[in-house]
1. Once Lys and Arg get +1 and Asp and Glu get -1 on their Cβ, which of ASN70, TYR45, GLY82 lies farthest toward the positive end of the dipole of segment 42-110?
2. Once amide H atoms are built 1.01 Å from N in the peptide plane, which residues 5 or more positions from ALA121, or in another chain, come under 5 Å H to H?
3. Once fully extended, how much extra length lies between THR133 and SER14, figured as 0.36 nm per residue of separation less the alpha-carbon to alpha-carbon distance?
4. Among GLU57, GLU88, what is the fewest-to-most ranking by other Cβ atoms within 10 Å?
Amino acid sequence: MPHPSLFQPLQLGSITLPNRIIMAPLTRMRAGAGNVPTALNAKYYAQRATAGLIIAEGTAVSQQGQGYPNAPGIYTQEQLDGWKTVTEAVHSRGGRIFLQIAHNGRNSQSSFMPDGGPPVAPSAIPPTLPGFTSDGRQVPIETPRPLRLEDISPIVDSFTLASRKAIQGRLRRSRAASLQQPLDRSVPGRRIKHPVGRLRGFHRQSDALPS
Ligand SMILES: Cc1cc2nc3c(=O)[nH]c(=O)nc-3n(C[C@H](O)[C@H](O)[C@H](O)COP(=O)(O)O)c2cc1C
């Protein structure tokens, strides 16, 4: 059976990839102060513009969604302006770039949290990844605070706002969330009834946005 070549085009929804090489999202922790993408991020992605598609690194939808030092966000105007320099650099070299918007859930640490409390997650189950503070020190992992029902809507809204910003920054969205994973799969969520229903709403709401 003939196989298409890696170097043949691929139609992906409304966009045509000139080849089938897709760069996986890679958290590089190279954003600047305020989790703003910098000239270094623009250079890094522009250097990879000949890929059929770049899926840019996991990018936090809110301060609460941050989990890695110097990882970019997409919830402030400065971050959006930083992403615009990245997309301009990639597009000027003929590339295509999606943004992976994410909430790190339990894979975070209290130094990232706006209230200084523990990170939030569907259940109080500690992460399996090592913990890092926002200034880059490795510390013991923390047990997350289980989300209350009233915590869910602001998180859903943060994905919608991040999606809008991504569109303004000429980024298409590729959605991922450490928070979402334990809800969608059997591990390791203990409280799934309400959040799953709400997250389904989030999928519909976020999918309804133009990409
Ligand atoms: C340094 C590093 C950073 C990563 N960052 C992300 C990320 O931001 N988002 C994500 O979904 N996956 C991330 N991954 C996972 C990769 O995208 C990829 O899925 C993983 O390395 C497995 O790839 P493979 O199946 O080709 O070996 C990361 C992996 C590495 C090694």
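The numbers here are math on the coordinates, done by the rules we state, and not lab data. Given the structure is predicted, the values throughout are model-derived calculations rather than measurements. FYI the Cβ positions are ideal-geometry reconstructions off the backbone, even for glycines, and counts take in every protein chain you see.
1. TYR45
2. ARG145, LEU147
3. Result: 38.8 nm gained on full extension.
4. Listed from fewest to most nearby Cβ atoms, that is GLU88, GLU57.
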